[in-house]
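Only the coordinates and a few stated rules stand behind these numbers; no lab work does. Computed from a predicted model, the values in this text were never measured in an experiment. Methodologically, a virtual Cβ is constructed for each residue, glycine included, from the backbone with ideal geometry; neighbour enumeration extends over all protein chains shown.
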Amino acid sequence: MARRLNAPYFGKRYIGDSETKILHDVDKETPSCRIDTIPRARIQMFEWLSIPSEMNYSGCQFCMPGFKAGGKS
C-alpha cells in the first residue's frame, strides 16, 4: 500500500486507532490491516514510534507484529 496524503493522514507513516490502541505501519500495510475501516474520529497519526509507545499502543499483527507498548519493534 502507499501513504495517504489527504486528511487526516497527511503522509505520516503510523496510523493508530485511539479506541483499540492498535498501531499500523503504512509502509508495511496489508489488506488484512483494514486501515480504511478505522472511523476518522479514532484516527491518530504518528511520525515516530516513541509517542505511540508511551500511549500504550501495540502493533498490528499483520504489519507491526514485533511492536509492543512501552518497547520498540
- the chain, dipole about Cα centre (Lys/Arg Cβ +1, Asp/Glu Cβ -1), debye to the nearest 20: 40 debye
- Query: GNM on the chain, C-alpha springs below 10 Å: top fluctuator among ARG13, ARG34, ARG42?
  - Reply: ARG34
- Task: Lys and Arg at +1, Asp and Glu at -1: add these up for the other residues within a Cβ distance under 14 Å of ALA2 and post the number.
- Result: +1
- Message: Using Cα-Cα distances under 8 Å and only pairs 6 or more residues apart, what relative contact order does the chain have, in percent?
- Response: 31 percent
- What FRET efficiency comes out for the pair ILE51/ASN6, r = Cβ-Cβ distance, R0 = 25 Å, nearest 0.05? 0.70
- Query: With the chain treated as a Gaussian network of Cα nodes joined by springs under 10 Å, which of ILE51, ILE38, ILE22 yields the largest mean-square fluctuation?
  - Reply: ILE51
